[in-house]
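The values are calculated or read from the model by the stated rules, or taken from the named source; none is laboratory data. Just so it is clear, the structure is predicted and the values come from calculations on it, not from any experiment. Cβ sites come from the backbone with ideal geometry, for glycine too, and all protein chains shown count toward neighbours. For the accessible areas, the whole protein counts, side chains as well, though only heavy atoms, and no ligand, DNA or RNA atoms are used. Shrake-Rupley method; radii C 1.70, N 1.55, O 1.52, S 1.80 Å.
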Amino acid sequence: MWKGFIGKLSGKSPKSGGGGDGGWASLPSKPPTSYGANGGQWDPMRSSPPLPVVAGAEGDTREDVFLRKVTVCCVLFDFSNDRGRDSPERERKRQVLMSLVDCLGAAEESLTEAMVSACVGMFAINLFRVFPPKVRPGVGGAAEADEDDPFFDPSWYHLQVVYELLLRFVTSPVVDVKVARKFMDNSFISRLLDLLDSDDPRERDCLKTVLHRIYGKFMSNRPFIRKAVSNIFYRFVSEDDHHNGIAELLEVFGSVISGFAKPLKEEHKLFLWKALIPLHKPKTVGMYLPQLTYCITQFIDKEPKLSGTVIRGLLKYWPVTNSQKEMMFLGELEEVLELTEMPEFQKCMVPLFRKVAHCLNSSHFQVAERALYLWNNEHLFDLISRNHQVILPIIYPALERNARLHWNQSVLNVTMNVRKMFFDMDQKLLLACQKKFQEEEEKQAASEERRRLIWEHLERNAAVHPVTRDISFDVLPKSAPLVAPTMT
């Protein structure tokens with residue numbers, strides 16, 4: 001295909017068929033950046049490569065001019081250094097890209113197969129690249145940038161217009177989907193998904209929009225896109241533990257999930273269980289938790305029975321030592337419980353409130369306070385009040401320990417309010433729980449006292465008898481008096 005483009009510049013007419021195998025992968029691996037306008041070799045020591053002439057000759061067709069402009073846009077520039085920063089060739093390429101955007105916006109006739117093939121090839125040459133190193137200017141040259149600092153790709157001057165052209169290309173009515181699908185195949189989409197790991201937030205935002213449009217327009221590629229995104233999530237959770245574009249992918253799939261038909265397919269339920277719920281495991285979950293919560297609540301809206309599956313998944317990946325993550329889990333849990341119906345709530349309320357009771361006794365006052373605020377939710381309060389016979393015996397010991405021992409006054413106040421709520425619900429049951437708690441405390445105190453006496457007994461015998469002698473004695477029964485050990 002590119003031979004046709006170069007031939008066109010030399011006065012030969014290109015073949016209308018485009019690439020041989022009908023895909024962008026048929027493009028040469030080396031982009032045509034080493035050729036001048038007349039087909040001659042470009043000197044790499046120059047600040048910027050020369051661009052072909054765009055002006056059309058008399059008798060050139062619309063397709064000829066379009067292909068010549070696309071050929072100009074296939075020339076790449078090095079933005080990693082200051083050499084050629086003010087090159088007019090860079091500005092010329094940008095202007096040609098913008099003219100292509102305007103051309104697609106104003107076009108009334110459908111693009112030919114050669115034009116579509118050339119566009120997709122140009123997108124591949126400009127976008128599919130090795131990411132530049134994340135550096136910032138230092139005193140002695142380049143220094144590594146901080147992890148929290150946003151990184152901006154120096155080549156965004158051209159990439160921005162390329163992404164704008166790609167979006168216009170995908171959404172334009174003059175681009176035939178059947179023709180475009182020949183070139184924007186699964187391999188192209190897979191490499192497009194790989195770009196979401198870019199450090200530049202502007203590029204990820206553009207890719208998010210483009211991916212959403214591709215998913216909506218290229219319906220035959222939807223199963224592949226879902227599978228490819230699932231694989232990205234699998235690698236992120238199990239292997240890499242780092243990916244810059246998880247939030248953007250989840251944002252795209254939030255709208256995708258909202259369009260799923262009812263009842264949900266088994267494939268979609270597996271996506272929830274195997275791809276979305278495990279995303280709670282990484283320590284960086286806070287970076288994409290709002291988008292993840294939205295996706296999960298969309299599933300529950302479609303099929304309320306999935307709320308029990310989601311709650312069990314949250315309990316499976318509940319943090320142990322990370323208090324900030326624990327607070328985020330409590331916030332998501334409240335959103336899920338707002339959509340939970342009574343049958344699903346009853347199936348998981350025992351393990352759920354055991355975990356809530358553990359949070360109530362957290363020494364981190366914000367975790368304990370956030371857990372207590374669950375009772376302020378009207379829907380959740382209704383679920384609890386209708387199942388208080390099961391929930392109160394689980395929760396009461398934690399409430400009693402907070403009332404006696406917690407150091408934070410705010411936690412103490414909210415704890416007393418929750419106790420009063422249960423007292424108003426069922427005074428008899430609360431008193432029974434209080435009595436049972438006191439009995440268990442007495443048993444625990446008696447057990448600790450017996451353990452202390454046994455250790456005192458052991459210490460006395462160790463002080464009386466030499467360590468070289470063998471001392472044998474029986475473990476004291478619960479009601480047996482202390483007896484001196486037998487000497488052997």
HN-Hα J couplings of the stretch 272-281 from phi, Karplus 6.51/-1.76/1.60, θ = phi - 60°, integer Hz, Gly and Pro as x? 5, 6, 9, 10, 7, 4, x, 5, 6, 6
Can you run phi through the Karplus equation (6.51, -1.76, 1.60; θ = phi - 60°) for the stretch 294-311 and list ³J(HN,Hα) in whole Hz, with x for Gly and Pro? 5, 4, 5, 5, 5, 4, 5, 4, 6, 9, x, 5, 6, 4, x, 4, 5, 5
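Which order, highest average first, do 237-243, 162-168 follow once you tally other Cβ atoms within 10 Å for each residue and take the mean per peptide? Before the final figure, lay out the partial values.
Details: 237-243: 13.1, 162-168: 21.0.
Most protected by this proxy first, the peptides run 162-168, 237-243.
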How much length is gained if the chain between residue 346 and residue 65 is pulled fully straight, taking 0.36 nm per residue apart and subtracting their Cα-Cα distance, in nm to one decimal? 94.3 nm
With all protein chains modelled, accessible area of residue 234 [1.4 Å, Å²]: 90
Local electrostatic count, residue 380, Cβ distance below 9 Å [Lys/Arg +1, Asp/Glu -1]: -4
Gain on full stretching of the segment that runs from residue 87 to residue 171 - 0.36 nm per residue minus C-alpha separation: 27.0 nm
Determine the gain in length on full extension of the stretch residue 459-residue 373; use 0.36 nm per residue of separation and subtract their C-alpha separation, reporting nm with one decimal. 26.1 nm
Local electrostatic count, residue 170, Cβ distance below 9 Å [Lys/Arg +1, Asp/Glu -1]: +3
Given the stretch 306-445, report the % of alpha carbon pairs whose separation exceeds 24 Å. 28
Modelling each spin label as a point 7 Å along the Cα-to-Cβ direction, I'd like the residue 267/residue 220 distance in nm, to one decimal. 1.5
Within a Cβ distance under 12 Å of residue 355, other residues only, what is the Lys/Arg minus Asp/Glu net charge? +2
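Quick one: which of 227/265; 69/178; 316/435; 325/443 span more than 26 angstrom between C-alpha atoms? Could the numbers behind the result be given before it?
Details: 227/265 14 Å; 69/178 24 Å; 316/435 33 Å; 325/443 36 Å.
Listed pairs above 26 Å: 316/435; 325/443.
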Heavy-atom accessible area of the stretch 361-438 with neighbours in place, 1.4 angstrom probe: carbon+sulfur share in percent works out to 53
